[in-house]
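Worksheet for the structure shown next.
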Amino acid sequence: MHSNWRCDNCGDVPPFHVAEHISAEIVGTVLRESSSGPERMPLWGPWPLPPGWTVTGVGWAGDDRSGVRATALACSGPEPLGGGPADLVFIAEQPGVGLGNRFAGIPGIDPGYLLSETLSDHGAGSGPHAKIKVGGHPTPLWCVKSPEDRSAYVSEAKGMWLYAVAWPASAGYLLAEHVVLDDLSEGVPPELVFGAPSPYLHGRV
């Protein structure tokens with residue numbers, strides 16, 4: 001017997017848990033869960049929040065045996081090009097989990113091959129598609145191939161994969177602005193604003 005989920009395409013993957021609602025207390029509970037394993041997982045969240053944006057969900061992948069191996073934080077707000085509502089999910093995961101690929105709508109459990117393709121197509125001398133600050137460090141983001149209804153960006157932070165997945169695809173332009181991601185496990189801003197649960201994080205879209 002084991003607690004892993006079974007993916008028809010990828011094999012065993014850690015189970016994914018999503019909090020039904022979102023509040024400061026629920027974020028705190030997830031942070032305690034993510035710090036209980038052998039390696040504390042970051043929970044990346046934009047701070048300050050972009051104007052009009054709220055935190056709309058939190059989730060994690062793992063079990064009691066292996067601990068938390070990935071975290072996800074959802075945010076919702078106005079689409080930067082004025083086209084209506086938009087959603088972003090930020091994911092931190094250890095190699096071989098596959099949570100980021102799942103939300104990005106791409107096969108496999110690791111984005112390395114897509115990142116290599118993107119770098120090859122983009123040209124070695126070209127810069128990244130976006131630059132943000134993560135945990136106090138300038139961090140490049142690379143847009144990888146994904147379904148047309150979303151855009152998916154991949155990078156690395158604290159030795160783990162970092163994903164930013166945006167719906168609709170044009171919402172990814174938000175990452176071209178001055179976005180700063182803080183590790184909420186190091187402190188949750190009391191001014192953080194929460195909104196209605198994200199349908200994308202809960203798999204309702």
Qualifying residue in segment 107-125 (condition: open to solvent by 50 Å² or more (accessible area, probe 1.4 Å), without any contact (Cβ under 8 Å) to a residue 12 or more places away in the chain, part of a loop (DSSP other than H, G, I, E, B) and over 19 Å from residue 175 (Cα atoms)): yes
Unmet requirement for residue 77, which otherwise passes all of (1) assigned to a strand (DSSP E or B); (2) under 18 Å from residue 18 (Cα atoms); (3) not basic (Lys, Arg): (2)
Could you list, in sequence order, the residues of segment 126-167 that are within 19 Å of residue 99 (Cα to Cα), touching a Ser or Thr at 6+ places or on another chain (Cβ under 9 Å) and outside any strand (DSSP E or B)? 145
Being closer than 18 Å to residue 20 by Cα, modelled with pLDDT of 95 or more and not in a loop (DSSP other than H, G, I, E, B), is that true of even one residue in segment 35-53? no
Going through segment 184-205 in order, the residues found to be in contact with a Gly (Cβ under 6 Å, 6 or more places away or on another chain) and open to solvent by 30 Å² or more (accessible area, probe 1.4 Å) are 197
Taking segment 171-183, which residues are closer than 14 Å to residue 136 by Cβ and crowded, with 20+ Cβ neighbours inside 10 Å? 179, 181, 182, 183
With criteria (1) surrounded by fewer than 22 Cβ atoms within 10 Å (Cβ to Cβ); (2) touching a residue at least 60 places away in the same chain (Cβ under 8 Å), residue 164 comes up short on (1)
Can you confirm whether residue 92 is within 28 Å of residue 204 (Cα to Cα), touching a helix residue (DSSP H, G or I) at 6+ places or on another chain (Cβ under 8 Å) and at pLDDT 95 or above? no
So residue 136 passes all but one of these: (1) of a type outside the set (Phe, Trp, Tyr); (2) open to solvent by 60 Å² or more (accessible area, probe 1.4 Å); (3) at positive phi. Which condition number does it fail? (2)
Filter result (under 10 Å from the mean Cα position of the chain (by Cα) and either more than 21 Å from residue 178 (Cβ to Cβ) or assigned to a loop (DSSP other than H, G, I, E, B) (or both)) within segment 60-74: 70, 71, 72
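The values are calculated or read from the model by the stated rules, or taken from the named source; none is laboratory data. Keep in mind the model is a prediction, meaning the values are calculated, not measured. Backbone-built Cβ (ideal geometry, glycine too); neighbour counts: all protein chains shown. To get the accessible areas, we keep the full protein, side chains included, count just its heavy atoms, and leave off ligands, DNA and RNA. Shrake-Rupley method; radii C 1.70, N 1.55, O 1.52, S 1.80 Å.
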